[in-house]
């Protein structure tokens, strides 16, 4: 097999939530594979830092501030990629929000916020990309960033887990509906990583939690953000041309024990 199958030169990729953490690592990785990057999210400073890092490495990036909860923003995001780079080939839906609350204490507003950002807004992004490719009669690849919480139960993550479970099924549904028109939809489900959502530092830096992660994970460690790049690149590129509707755990073996 030629490594050229992983080459994204001349292609354009959107990575949502790419101002920090996993999204930044993914954006840098796809740019290193040759893609033009549209980095986007709700906070400009981090996005500018990601774009600057891509440029410093010899890549091309453009920044868009948007809110994925608003469907019109997602449609404009795709239009901006087409205007700036002449087309769109890859949509990586990475943004998300967490929060730990016992199920009996989850407020209606918190449920709606967590499900809205992790599931509904992910659909907004996927639909916007899909509509563009269908109208243009072009192929495309959507990569959804899910979580091991979509298949495993974690204390206090009922809303988050439900949203990510829905994301996995959405992946399969969209893959089935659009496969005959050249659009592939896959998902990557990270386990415990060394980069995590805002507001969760106290939890992840707790020595007891670190020890639990180490002993519960067969590889006995959390994953680095860069270790998500290979799986995403696989789904984004021609290397996975006959793969669609697949959810790939990237978790050091957490889900197999």
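The values are calculated or read from the model by the stated rules, or taken from the named source; none is laboratory data. Computed from a predicted model, the values in this text were never measured in an experiment. Don't worry about glycine lacking a Cβ; one is built from the backbone with ideal geometry, like all the others, and counts go over all protein chains shown.
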Next item on the list: Look through 142, 114 and report the one residue that is farther than 27 Å from residue 240 by Cβ, in contact with a helix residue (DSSP H, G or I) (Cβ under 6 Å, 6 or more places away or on another chain) and surrounded by 19 or more Cβ atoms within 10 Å (Cβ to Cβ).
Entry: 114
Margin query: Being under 24 Å from residue 67 (Cβ atoms), touching a strand residue (DSSP E or B) at 6+ places or on another chain (Cβ under 6 Å) and surrounded by 15 or more Cβ atoms within 10 Å (Cβ to Cβ) is the requirement here; does residue 128 meet it?
Written below: no
Margin query: Looking at 202, 226 in this structure, which one is modelled with pLDDT of 95 or more, out of contact with any strand residue (DSSP E or B) (no Cβ under 9 Å at 6 or more places or on another chain) and either outside any loop (DSSP other than H, G, I, E, B) or crowded, with 18+ Cβ neighbours inside 10 Å (or both)?
Written below: 226
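What helices (runs of 4 or more DSSP H), lying completely within region 1-96, carry at least 2 residues that are closer than 22 Å to residue 224 by Cα?
Values: elements: 21-32, 44-56, 71-85.
Where helices (runs of 4 or more DSSP H) fall fully within region 1-96 and carry at least 2 residues being closer than 22 Å to residue 224 by Cα, they are 21-32, 44-56.
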Next item on the list: Return the residue satisfying two criteria in turn: it lies in region 230-257 and is crowded, with 20+ Cβ neighbours inside 10 Å and in a loop (DSSP other than H, G, I, E, B), and of such residues it is farthest from the chain's Cα centre (by Cα).
Entry: 252
Margin query: So in region 43-58, with the set limited to residues that are at pLDDT 95 or above and within 18 Å of residue 117 (Cβ to Cβ), which one is surrounded by the fewest Cβ atoms within 10 Å (Cβ to Cβ)?
Written below: 46
Check: Can you name every residue in region 168-195 that is crowded, with 18+ Cβ neighbours inside 10 Å and out of contact with any strand residue (DSSP E or B) (no Cβ under 8 Å at 6 or more places or on another chain)?
Finding: 195
